[in-house]
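The values are calculated or read from the model by the stated rules, or taken from the named source; none is laboratory data. Since we're looking at a predicted model, the values are computed, not measured. FYI the Cβ positions are ideal-geometry reconstructions off the backbone, even for glycines, and counts take in every protein chain you see. Surface accessibility is based on the protein's heavy atoms, side chains included, excluding ligands, DNA and RNA. Shrake-Rupley method; radii C 1.70, N 1.55, O 1.52, S 1.80 Å.
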Amino acid sequence: MQWSFNNDRPIYIQLVENLKLFIISGTYKPGEKLLSVRDLAALAKVNPNTMQKALTELEELGLIYTERTNGKFVTLDSKLIQKCKEKLAKEKSFIYLNDMMNLGFSKEETIKYLNKEEK
Amino acid sequence: MLKKVLKYDLQSMGKSLFPLYAALIIMAIILRLLNLVADKLVLIEIIYGFMLLLFVLLMVGALFYTFFIAIKRYYKNLFSNEGYLTHTLPVSASSLLVSKTISAFVYLIATSIVMILALMIAIDTSQIFEILKQGIEIMALSMKVSNSTIIIFSILFIILGYMSYVLMVYAGISLGQIHNNNKLVFSVVWSIVLYYISQIISIVMLGVMVVLINPELIDMINQNSPAPDEMNQIIIFSFITSLILIGIYYIISHNRLKHLNLQ
Amino acid sequence: MSLLTCHNLSKSYGKTLVLNDINLEIPSGKIIGLLGPNGSGKTTLIKLINGLLMPNSGEILINMKPVGINSKKVISYLPEHSYLNFNMKVNELIQYFSDFYKDFDKEKAYQLLKKLNINAKDKLSAMSKGMKEKVQLVLVMSRKADLYILDEPIGGVDPATRDYILDTILTNFNKEASIIISTHLISDIEKILDEVIFIKNGQIYLYGEADELRAQKGKSIDEIFREEFKC
């Protein structure tokens, strides 16, 4: 998975979103140790201060935790991860449905379209 | 820090001057060798004549070139793009200026020594030294001092002369930096202005000395008959003038280095 | 404690006022963009901080001390053009920097050069313009300074070099130091900035946190800049 940003919104919020996605999708597994702030910042090509801010936010959300000497780890609370995943799925679905509605499709028609879409 | 600054100034100037020294010595050796066989072949004699001319030109140019290298180093290292690095080193303005002064001094002496050596290698100098020795003896006699005093004073005189010109141009370049445009042109203009000011100061100083110290001096200058005491006074006086001028030039340059205007 | 303070700083060249009553306080641990169009006074401000120009009025303090030998010990400065002696070899320059700057890390410099495939025995005059710029950046970033001041580090370089420069800046940034980057190419650089200073006609027009500005205006710093500085 890739880091992706645009410059229109605060970088730290986008970092939080990126990292959430990595955790939800299992790119970062529950209990896995995270790289240091510096290394993560280097990977994302952002300022370490901004990365620090994003990690603090994730920690407040409970998605990561700090072991005082060992560094930061992804939470072991799979329920919380699942909850996040569902919340995100809901958001995405809402946006999609909204877009389709704006195009003049009903919910049922949209579902039909989705079924037709081969994957 | 002075030591480190000096190391790089000497190194940098050396890169330009050592080839000159090598050329002078090599040419002197070739001349000596050609001289040994010159009267045997016309062609060699022509070559010898040509080489001799080149050698003389090189000798004449050597001191000017040394001046030029010293001044170029000063300008480039302190006031061109390189100045941005030089002036962001944690080094005081006086270290920079003292180092530039010492390195110019060192190479002017070195060039002089190499010139004398080259001359001694190239031709038989025993006659020249004989004439020089006689000259010194005549001067020593007329001034009632020893031969060695004459030699020491002559050398000091030459060194002070060298250094006052070098520092004069340093000060001229430094003053040129006050202007926001055409700094190089103004550097030359200021050097020329300083030259004339120094001439005026010398004359004024002479006047002051005549009036205050020894009114009889004026008679001596008019009659053009040097008396020993007056001669000594004039020499000491011109030493003092040179030292004062050098001091003034140093203060000007130092002041400009402390108030940079690098644009 | 603020790392860099400017108090009522003004500078003019002849009759032209270039900086007009600048007041600034810059803390440690930040990457700060000094943003403004050409001729807005960015470079003049930087030269004043480095002691290459004298202010007409006002004062500059670095670690609470005026500009001088002590400030030069802790500021690592990258000018917008080359300031190296092209007759010197790269290893001579490294020696030069480590002779004069106590905080210069030789090993780091050689490491960075190795990554660039630069031969330390090469003379600068034998290198391309881009290479010279990289050598200069390596020298500047190999110091462990309190304040790095980079004047237009990405002006006129190709995208690959730009990425290399930004990477080098980021990986060498540490919490104890601050980096001031002056540029007019904002979109390339805004991602790495903590704070931005907009400078316009010699005055500080705006000073704020980059992410806060984005949140406030819903726009990139580049767009905000373009709007504020529209001709």
Task: Over chain B: helical MRE at 222 nm, DSSP H runs n ≥ 4 each giving -39500 (n - 2.57), nearest 500 - done: -30500 deg cm²/dmol
Task: Translational diffusion coefficient (Stokes-Einstein; Kirkwood radius from C-alpha pairs) of the range C:100-192 at 20 °C, 1.002 mPa s, in µm²/s - done: 153
Open item on the list: Do any residues of the range B:39-84 show a loss of at least 20 square angstrom of accessible area between the isolated chain and the full protein assembly, using a 1.4 Å probe, and if so which?
Closed with: B:Lys76, B:Asn81, B:Glu82, B:Tyr84
- [ ] Using only Cα atoms, find the angle between the long axis of helix C:90-100 and the longest principal axis of chain C, and express it within 0 to 90 degrees, rounded to the nearest 10.
- [x] 60
Open item on the list: Could you tell me the calculated FRET efficiency between B:Ile178 and B:Ile201, based on Cβ-Cβ distance and R0 = 22 angstrom, to the nearest 0.05?
Closed with: 0.55
Task: Equivalent ellipsoid semi-axes, chain A, via Cα gyration tensor eigenvalues times 5, rooted, Å - done: 33, 17, 12
TODO: Take the Cα gyration tensor of the protein assembly as shown, multiply each eigenvalue by 5, square-root it, and list the three semi-axes largest first, rounded to whole angstrom.
DONE: 70, 29, 20
- [ ] Excluding C:Gly58 itself, calculate the net charge of residues whose Cβ lies under 12 Å from the Cβ of C:Gly58, where each Lys or Arg counts +1 and each Asp or Glu counts -1.
- [x] -1
Task: Contact surface C-A: accessible area buried, both sides summed, square angstrom, 1.4 angstrom probe - done: 1500
TODO: Could you grab the Rg to Rh ratio for chain C? Cα atoms only, Kirkwood for Rh.
DONE: 0.96
TODO: Using protein chains only (no ligands, no nucleic acids) and a 1.4 Å probe, work out which residues of the range C:202-230 have their accessible area cut by at least 10 Å² relative to the chain alone.
DONE: C:Glu209, C:Asp211, C:Arg214, C:Ala215, C:Gly218, C:Ser220, C:Glu223
TODO: Lys and Arg at +1, Asp and Glu at -1: add these up for the other residues within a Cβ distance under 10 Å of A:Tyr65 and post the number.
DONE: -2
Task: Partner chain coverage, peptide B:8-17 - average Cβ within 10 angstrom - done: 2
- [ ] Please give the helix A:78-102 orientation as an angle from the longest Cα principal axis of chain A, in degrees from 0 to 90, rounded to the nearest 10.
- [x] 40
Open item on the list: Just to be sure I understand the rule: take each whole DSSP H helix in chain B, project its Cα atoms onto its long axis, keep it if the span is 18 Å or more and its mean Kyte-Doolittle hydropathy is at least 1.0. Which ones pass?
Closed with: B:2-37, B:42-79, B:93-122, B:147-176, B:183-212
Open item on the list: What do you get for the angle between helix A:11-24 and the principal long axis of chain A? Use alpha-carbon atoms, 0 to 90 degrees, nearest ten.
Closed with: 80
Open item on the list: Across the range B:1-129, what fraction of all alpha-carbon pairs, as a whole percent, falls in each successive 5 Å bin from zero upward?
Closed with: 2, 10, 18, 17, 13, 10, 9, 7, 6, 4, 2, 1, 0
- [ ] Can you spot the lysines whose alpha carbon is less than 17 Å from C:Lys115's alpha carbon? Ignore those fewer than 8 places along the same chain.
- [x] C:Lys106, C:Lys132, C:Lys134
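If you take every DSSP beta bridge fully contained in the protein assembly as shown, what fraction is antiparallel? Give it as a percent rounded to 5.
Once the DSSP bridges in the protein assembly as shown are tallied, antiparallel ones form about 60 percent.
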Task: Selection from A:Ile81, C:Ile221, C:Ile192 lying farthest towards where the dipole of the protein assembly as shown points positive, charges on Cβ - done: A:Ile81
TODO: May I ask for the net charge around B:Lys7, where only other residues with Cβ less than 14 Å from the Cβ of B:Lys7 are counted and Lys, Arg are +1 while Asp, Glu are -1?
DONE: +2
- [ ] Using only the alpha carbons, work out the radius of gyration and Dmax of the range A:11-76 in angstrom.
- [x] 10.7, 28
- [ ] Taking each pair of different alpha-carbon atoms in the range B:11-78 once, compute 1/r for the pair, average those values, and report the inverse of that mean as the Kirkwood hydrodynamic radius in Å to one decimal.
- [x] 13.5
- [ ] At 1.4 Å probe size, with every protein chain present, just tell me what the per residue accessible area of the protein assembly as shown comes to in Å².
- [x] 52
Task: Residues listed by number, the range C:143-167, amide nitrogen under 20 Å from C:Ser2 label point at 7 Å toward C-beta - done: C:146-150
- [ ] Enter the buried accessible area of the C/B pair, total of both sides, probe 1.4 Å, in Å² rounded to the nearest 100.
- [x] 2500
Open item on the list: Within the range C:11-42, list the residues whose amide N lies under 18 Å from a label point set 7 Å along Cα→Cβ of C:Glu59.
Closed with: C:11, C:21-26
Open item on the list: Within chain B, what whole-number % of the accessible surface is contributed by carbon and sulfur, with the 1.4 Å probe and all protein chains included in the calculation?
Closed with: 75
Task: Residues losing 30 Å² or more accessible surface upon assembly, the range A:48-75, compared with the chain by itself, 1.4 Å - done: A:Pro48, A:Asn49
Open item on the list: As an exercise, use a Förster radius of 41 Å and the Cβ-Cβ distance of A:Lys29 and A:Thr110 to find the FRET efficiency, rounded to the nearest 0.05.
Closed with: 0.75
- [ ] Report in % the part of the accessible area of the range A:11-76 that belongs to carbon and sulfur, leaving out ligands and nucleic acids; probe 1.4 Å.
- [x] 55
TODO: Binning at 10 Å from 0, report for chain B what percent of all alpha-carbon pair distances ends up in each bin.
DONE: 6, 22, 26, 24, 16, 5, 0
- [ ] Output the pairs from C:Lys47/C:Lys123; B:Lys76/C:Lys123; B:Lys183/C:Lys72; A:Lys45/C:Lys200 with a Cα-Cα distance over 21 Å in this structure; if there are none, say none.
- [x] C:Lys47/C:Lys123; B:Lys183/C:Lys72; A:Lys45/C:Lys200
Task: Volume per residue that the Cα convex hull of the range B:125-263 spans, once the total is divided by residue count, Å³ - done: 146
- [ ] Name the residue farthest towards the positive end of the dipole of chain A from the options A:Leu63, A:Ala44, A:Leu34, assuming +1 on Cβ of Lys and Arg, -1 on Cβ of Asp and Glu, about the Cα centre.
- [x] A:Leu34
Open item on the list: I need two numbers for the range C:10-124: Rg to one decimal and Dmax as a whole number, Cα atoms only, in Å.
Closed with: 17.2, 48
Task: Inter-chain shielding of B:89-97 (mean C-beta neighbours from other protein chains, 10 Å cut-off) - done: 3
Task: Estimated distance in nm for a label pair at B:Val189 and B:Glu137, the labels positioned 7 Å out from Cα along Cα-to-Cβ - done: 5.5
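In the structure displayed, which of A:Lys20/A:Lys87; A:Lys20/A:Lys92; A:Lys33/A:Lys83 lie more than 18 Å apart, Cα to Cα? Display every interim value, and only then the final one.
Details: A:Lys20/A:Lys87 12 Å; A:Lys20/A:Lys92 14 Å; A:Lys33/A:Lys83 21 Å.
Distance filter (> 18 Å) returns A:Lys33/A:Lys83.
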